[in-house]
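Notes follow the structure.
The values are calculated or read from the model by the stated rules, or taken from the named source; none is laboratory data. All values reported here derive from a predicted model rather than from experimental measurement. Please note: Cβ atoms are built from the backbone with ideal geometry, for glycine as well, and neighbour counts cover all protein chains shown. The area values use the complete protein model at the heavy-atom level, side chains included, leaving out ligands, DNA and RNA. Shrake-Rupley method; radii C 1.70, N 1.55, O 1.52, S 1.80 Å.
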Amino acid sequence: MDVQPQRLMYVEQTRRSLLDAAESHFISAGYRATSLDAIAEAARFTKGALYRHFANKEAVFTAVLERVQREAVEQIALAPAGPALEWPDVMVAVGAYLDTTTSERFRRIVLEEAPGVLGWARWRALDERATGGIVRQLVERLTEAAVIKPVDISVTSRLICAVVAEAALSLAADDDPCAARRTALACIEQLLSGLRA
């Protein structure tokens, strides 16, 4: 029996358990009030096991943030179903992303905790890395399919990311996220419709 794959699987399970425990604490108590001891105890590992995976609490938080962002971006990637991308697919993708951003885990980790923990510049860089690639791909596909006018792909992608991020921030602060989502989606469609060919 090959021990290496089993060991790698155990290492991955340990890391996932630590991240699950950390995420739960960051959501319920916030970054500042969460200790590495609490994370290790909740995951049922020693603090030494935690340090074998992460250098410090900020590294744990960054890994949690990247996981939450990656899962949110997957919603954008999965939303447009067909190979021939059309305008309605864009709004479905934006809607799916906004739905993800209204979850408590996204709001607490990405929108509330991350800017204070990592600083604005690093938080924006990670957000750009998470969403920028998939948005660029969508803009490229829309341009190639002549669904939108020829545009500067890089600038247009960054602006779309900024608009959707601002919408997500507004939804997180609203008392009625469902109504706010409808309003935000309608506004985003109006703004982006100027790109249509």
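About the centre of its Cα atoms, the chain shows a dipole size close to 500 debye [charges on the beta carbon of Lys, Arg (+1) and Asp, Glu (-1) only; nearest 20 debye].
Set the Förster radius R0 to 35 Å, insert the Cβ-Cβ distance between VAL163 and ALA84 as r into 1/(1 + (r/R0)^6), and round the FRET efficiency to 0.05.
0.90
Note that region 149-154 has calculated 3J(HN,Hα) couplings of 5, x, 9, 6, 4, 5 Hz, one per residue in order, obtained from phi through the Karplus relation 6.51 cos²θ - 1.76 cosθ + 1.60 (θ = phi - 60°); glycine and proline are x. What the Cα convex hull of region 81-197 gives, in volume per residue, is 96 Å³.
Of the accessible area of the chain, with the probe set at 1.4 angstrom, what percent is carbon plus sulfur? Mind showing how you got there, number by number?
Numbers: 5740 of 10600 Å².
Solvent-exposed carbon and sulfur of the chain make up 54 percent of the total.
For ILE148, the residues whose amide H sits under 5 Å from its own are THR143, ALA197, ignoring neighbours fewer than 5 places away on the same chain, with H placed 1.01 Å from N.
Model label sites at SER28 and GLN6, defined 7 Å from Cα along the beta-carbon direction, differ in position by 3.4 nm.
With no solvent and one point on each alpha carbon, what is the Debye value of log10 I(q)/I(0) for the chain at q = 0.10, 0.16, 0.17 Å⁻¹? Debye intensities relative to I(0), on a log10 scale: -0.50, -1.01, -1.08. Here the spin labels are modelled as points 7 Å beyond Cα on the Cα-Cβ line, and at ASP176 and GLU41 they lie 4.3 nm apart.
Gain in length, GLN13 to ALA49, computed as 0.36 nm per residue apart minus the alpha-carbon separation, to one decimal in nm? It would help to have the intermediate numbers written out before the result.
On the way: separation 36, 0.36 × 36 = 12.96 nm, distance 1.20 nm.
So the chain would gain 11.8 nm between GLN13 and ALA49.
Relative protection proxy for 5-17, 88-100, from highest mean packing down: 88-100, 5-17 (other beta-carbon atoms within 10 angstrom). Our summary gives region 65-153 a relative contact order of 36 percent, counting only alpha carbon pairs under 8 angstrom and 6 or more residues apart.
The modelled label-to-label distance between GLU66 and SER193, using points 7 Å beyond Cα along the C-beta direction, is 4.0 nm. Computed over protein heavy atoms with a 1.4 Å probe, the accessible surface of the chain works out to 54 Å² per residue.
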